[in-house]
1. Rounded to the nearest 0.05, what FRET efficiency do D217 and A432 give with R0 = 41 Å and r taken as the Cβ-Cβ distance? Could you check?
2. Can you tell me, using C-alpha contacts under 8 Å and at least 6 residues apart, the relative contact order of segment 208-351 as a whole percent?
3. Using the alpha-carbon centroid of each, what span in Å lies between segment 195-221 and segment 463-511?
4. Using Cα-Cα distances under 8 Å and only pairs 6 or more residues apart, what relative contact order does segment 142-258 have, in percent?
5. Under a 1.4 Å probe, what is the accessible area of segment 193-328 per residue, stated in Å²?
6. Mind listing the phi-derived Karplus ³J(HN,Hα) values for segment 322-339, rounded to whole Hz, using 6.51, -1.76 and 1.60 with θ = phi - 60°, and x for any glycine or proline?
7. Apply 1/(1 + (r/R0)^6) to the Cβ-Cβ distance of K422 and V319, taking R0 = 22 Å, and write down the FRET efficiency to the nearest 0.05.
8. For segment 261-327 and segment 80-119, what is the centre-to-centre distance using only Cα atoms, to the nearest Å?
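The values are calculated or read from the model by the stated rules, or taken from the named source; none is laboratory data. Model, not experiment: these values are computed from the prediction. With ideal geometry, Cβ positions are generated from the backbone for all residues, glycine too; neighbour counts draw on all protein chains shown. Note: accessible area is taken over every heavy atom of the protein model, side chains too, but ligands, DNA and RNA are not part of it. Shrake-Rupley method; radii C 1.70, N 1.55, O 1.52, S 1.80 Å.
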Amino acid sequence: MEIALSSNANPLLPILSRTAIPSNYANRNLKSFPDFHNPNFIPKFSAKKPLFICNSRQPFSLRIRAQASSDSNVNVDEDQFSDFIIEDVPHLTNFLPDLPSYPNPLKKSQAYAIVKKTFVSPEDMVAQKIVVQKESHRGVHFRRAGPREKVYFTSEEVRACIVTCGGLCPGINTVLREIVCGLNYMYGVDDILGIQGGYRGFYSKNTIKLTPKVVNDIHKRGGTFLQTSRGGHDTNKIVDNIQDRGINQVYIIGGDGTQKGAAAIYKEVEKRGLRVAVAGIPKTIDNDIAVIDKSFGFDTAVEEAQRAINAAHVEVESVENGVGIVKLMGRYSGFIAMHATLASRDVDCCLIPESPFYLEGQGGLFEFVEQRLKENGHIVIVLAEGAGQDYVAQSMHAVDEKDASGNRLLLDSGLWLTQKIKDHFTNVQKMAINMKYIDPTYMIRAIPSNASDNIYCTLLAQSAVHGAMAGYTGFTVGPVNSRHAYIPISCVTETQNTVKLTDRMWARLLASTNQPSFVQKCELVQERVNKQTIDEINNMRITSI
């Protein structure tokens, strides 16, 4: 049996078989599916029919047909195609069905001449879950990234632009460079603009002409060659500018808020019926982007964090009762702190936002610090910037404030913890300590990417270029189980990736540092809160009776 895709609009697009859908869904838009936005949602359709589900945000006019090969006597289990879900990305032909296609110029490329399979097959998918059980569902899949046999732009008509938004991160310049070089070297595109100053640069800043010569050595620098800013997103103004300048490919490098802005730009482009491909490249140093394996710049950040940890260790080891605190990035996710701790081996305790901790009492942080000082004469603590924020806010009576990107402004948990430990050992324990506090945040953000991230950034940039040239739009790129894929922007912005305290990686850290998990006390506190809430509800019921 084989799955054949067919469409009057675009043979590369996947489809949703209406014959496999319950009749009450037959004439509905795909968005009406329950939990449609949830990438883990698995529809309960009949397993007796081969099913190739397109879980896209766009209604497609395509159909599926399953046919048995006439020259094959092999019995194929039709159930193997059930529960196969594709989180697909939009294509320009969804709203421009008559768009012409052209042969990919990579057919004549010397670079790809020796490649056994130059183009990615339209049937190639990347599974979101790589570890499955024998009887488990096949689950969610994404369209594999890479060059397609047909493209929807000629090199002469492409006018591309690139913009960088949000905070700094190692590797931004490498991505920028490789988009420019990829467009020029692989597809012969000469007209590439750099939008300066983030989203507001579309309507309030000048642009710069980008060529391979201009961006030749920018990967050796930190920061962003185009400058950046937070906020400033005005969808109508941005799309007006795109339309006025004749731009037809937009490459947007940025984090969660930036990608949401990219999705809004795509929606407005679709609404106006413009032939503009919008491609996102996800950026966050915290590695908290959902779906993808990791974000670019993360390896560099972990490597650079080692310098700060090593400095703290040298300092505290050289004095009596030395206590070193290193504050690392990690607003909501503690990946940098966790990986830096595992890589360092000089860290005694790692505190992250996902794991609540407490200071006083049995099993608390103060007790652990005292124990390590008695055993080793020193201690190094790694603290993610988002750890203990509620604790700090209660102590400082702070009010929630937000930055231009809509992120909550964090209190300085590093200085707070430093002072708490000082006060405890000076006033309670009557014990002299030597405190060393290091905050390398901006030093880490500002450095160029290392070799590993440079390679990764190249793959991201080239995947984005291939996708835009192939007519895909409203997508972001990233590795899923080590294979680069095109992912709907909503999949990476709906939730944030966080450290799971029930996974083996956190257990490995606890085993490495031998620090307290703080779980028992926190669970007891939660139980008391729950019991108090239940008692209050019961009292209300009694009163009402």
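1. Working: r = 51 Å, r/R0 = 1.25.
Efficiency at R0 = 41 Å is approximately 0.20.
2. 16 percent
3. Rounded to whole Å, the Cα centres lie 26 Å apart.
4. Details: 193 pairs, mean separation 43.6, N = 117.
With pairs under 8 Å counted, the relative contact order is 37 percent.
5. On the way: 5040 Å² over 136 residues.
It amounts to 37 Å² per residue over segment 193-328.
6. x, 10, x, 10, 10, 9, 10, 5, x, 5, 10, 10, x, 5, 5, 4, 5, 5
7. Working: r = 14 Å, r/R0 = 0.66.
E(calc), rounded to 0.05, equals 0.95.
8. Value for the Cα centre distance between the two parts: 30 Å.
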